[in-house]
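The values are calculated or read from the model by the stated rules, or taken from the named source; none is laboratory data. Fair warning: this is a prediction, and the values are worked out from it, not measured in the lab. Here the Cβ is made from the backbone with ideal geometry for all residues, glycine too, and neighbour counts use every protein chain on show.
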Amino acid sequence: MAKTKVAVLISGRGSNLKALIEACEDPSYPAEIVLVVSNNAKAGGLQHAQDAGIETEVLDHRDFDSRDDFEDALDTLLRLYAVRFVCLAGFMRILTASFTERWRDLLINIHPSLLPAFKGLHTHERALETGVRVHGCTVHYVRPEMDNGPIIGQAAVPVLHDDTPETLGARVLTAEHQLFPQCVALACSGKARVAAEHVRLQVREFGAELLMNPHD
Ligand code: GAR
C-alpha cells in the first residue's frame, strides 16, 4: 500500500525526528517523511534528515513580515511536496488558527507532559515543583489553543524522589521516542480518527493495567 507522505517541523535537536526516521525504515511502517522543515537554520535535527537522504528546507520566521506570511510560505512548501500529515517534533513556533484549521486533524504535536497538565514550557521543572508522582508525554492533534487538541496517545513515567529536571526529562524523552512513531502510524493509517473532539482508536485494547506510583 502507498505510504502516507508526512512532513516533520522542527526547531532544534530533532531526537523525535530521528526516532520517526528510524521507524520509517521498517517497510511495513505506513508513513514516509518527504520533507523536514526547520524555522532555525542551526537546528541539529536537520543533519538527521540529511543523513537519511530526506529533503530539508529552512524557513526562518524572522525573514517574514508577519506570522501569516510565514505560514503561507510553509503551507505552499507542504503542498509542493504533496504532504498529507504534518508532525510537530519540537517545533517551537505558535501556529495561528488559520494554519491549524487548514490542517485540522492532519497536524500532530508531541508535548512533554501528560496533557492537560503542564501546557507550555519547562514542563519537567513544573512537574517536580508540583510534586506529581507520574509524568510523561502526549501526542495530540493540534487545535488553535496551545498544547490542546484530541489526544492520540500518552506515555507515563514515574517521578523518582531524587529526580532533577534533567533526569526526569531524559526519562520522558525516552518515552517520547516510543510514543511518537506509534501515534504517527495510527494517524497515518486512519486508525486514530477524531469524532466529537475525541480520538477513536481502531486498535486492540491493551487491557486495564493499573499505572501506579509508588507501587509498593
Ligand atoms: C521534545 O521534548 C518535545 O516534546 C518538546 O520539545 C522537545 C524536542 O526535542 N516539544 C515541546 O515542548 C512543544 N511544546 P527533540 O528536538 O529532541 O525532538
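Consider the range 64-93 and keep the residues that are touching a strand residue (DSSP E or B) at 6+ places or on another chain (Cβ under 9 Å) and among the charged types (D, E, K, R). The one that is farthest from the ligand (Cβ to nearest atom) is 84. If I filter the range 195-213 for residues that are buried (at least 18 other Cβ atoms within 10 Å of the Cβ) and either charged (D, E, K, R) or free of Cβ contacts under 8 Å to residues at least 40 places away in the same chain (or both), do I get at least one hit? No.
Of all the listed residues (42, 18), the sole one being farther than 27 Å from residue 186 by Cβ and within 15 Å of the ligand (Cβ to nearest atom) is 42. The criterion of being without any contact (Cβ under 8 Å) to a residue 60 or more places away in the chain, surrounded by 14 or more Cβ atoms within 10 Å (Cβ to Cβ) and more than 30 Å from residue 84 (Cα to Cα) does not hold for residue 160.
Return yes when residue 184 is of a type in the set (Val, Ile, Thr), touching a residue at least 60 places away in the same chain (Cβ under 8 Å), closer than 30 Å to residue 98 by Cβ and within 15 Å of the ligand (Cβ to nearest atom) and no when it is not. Yes; evaluated as a whole, the condition is true for this residue. For first residues located in the range 1-25 and under 12 Å from residue 87 (Cα atoms) and basic (Lys, Arg), partners that are at pLDDT 95 or above and away from the ligand (no atom under 14 Å from the Cβ) and lie 6+ apart or on another chain with Cβ distances below 6 Å form the pairs 5/34; 5/82; 5/83; 5/84.
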